[in-house]
Amino acid sequence: MHNVFKEKFVQGGVTFMTPILILLIIGLAVAIERIIYLNLATTNTDKLLKAIEEALENGGAEAAKELCRNTKGPVASIFYQGFDRYEEGVDMIEKAIVSYGGVQMGKLENGMVWLQLFIALAPSLGFLGTVIGMIQAFDDIATAGDISPTIVADGMMVALLTTVFGLIVAMILQVFYNYALNKINGLVNSMEDASISLMDILIKFKAKTN
């Protein structure tokens, strides 16, 4: 399989096949980095909210703030920003959570635009290589002065290889992109639900302490 891939790669022409291969390598690196980051960013929000509620009961807002500081993940970071403005009132807490939630969403989506670019560029480079290959094939026909089936078939096969590789690269990266996008959507929904739950907990706690 490796030898067949290498043979077809060479037949497709290094000029256009190399950029497509580079897009695949860089795209996979970006995708893997995003997936690892998103998996590490996943937090058990129910467990965190329960721990925050217990911390509020036992040590107040400072204890809950310290808990958020020592917990990894975007949800805990958002909660920390809220508790950092605890003394300023519920409205300021909510504003801080919403504002910093937007920042965390940006961090989650970091790099996704590059994956989109690579998915679009790979088949485009393939099509460009095909068009140039077909032009070259017609030049060969003109030079030979004969429309030989062998000349036409060889030229077209080489030309179409770049399109095939470009489409394969785009499909591979699309799978990783959709997986990462699904993880981001899940994390964003989790962040929003957890933020609403936190506000409910804080409102109840403030009502109890006042």
- Task: Can you check what the net charge comes to around Thr71, using other residues whose Cβ is under 13 Å from the Cβ of Thr71 (Lys, Arg +1; Asp, Glu -1)?
- Result: +4
- Message: Could you derive backbone 3J(HN,Hα) for the stretch 58-68 from the dihedral phi with the Karplus parameters 6.51, -1.76 and 1.60 (θ = phi - 60°), listing whole Hz in sequence and x where the residue is Gly or Pro?
- Response: 8, x, x, 5, 5, 5, 5, 5, 5, 4, 5
- Under the Karplus curve 6.51 cos²θ - 1.76 cosθ + 1.60, θ = phi - 60°, whole-Hz ³J(HN,Hα) for the stretch 184-198, x wherever Gly or Pro sits: 4, 4, x, 5, 5, 4, 5, 4, 5, 5, 5, 5, 5, 5, 5
- Which semi-axes, in whole Å and largest first, does the equivalent ellipsoid of the stretch 15-205 have when worked out from the alpha carbon gyration tensor as the square roots of 5 times its eigenvalues? 57, 12, 10
- Task: Would you work out which of Gly82, Leu108, Met171 lies farthest towards the positive end of the dipole of the chain, given +1 charges on the beta-carbon of Lys and Arg and -1 on that of Asp and Glu, about the Cα centre?
- Result: Gly82
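Read-outs throughout are calculated quantities, based only on the coordinates presented, and are distinct from any laboratory measurement. These numbers come from a predicted model, not from an experiment. We place every Cβ from the backbone using ideal geometry, glycine too, and count neighbours over all the protein chains shown.
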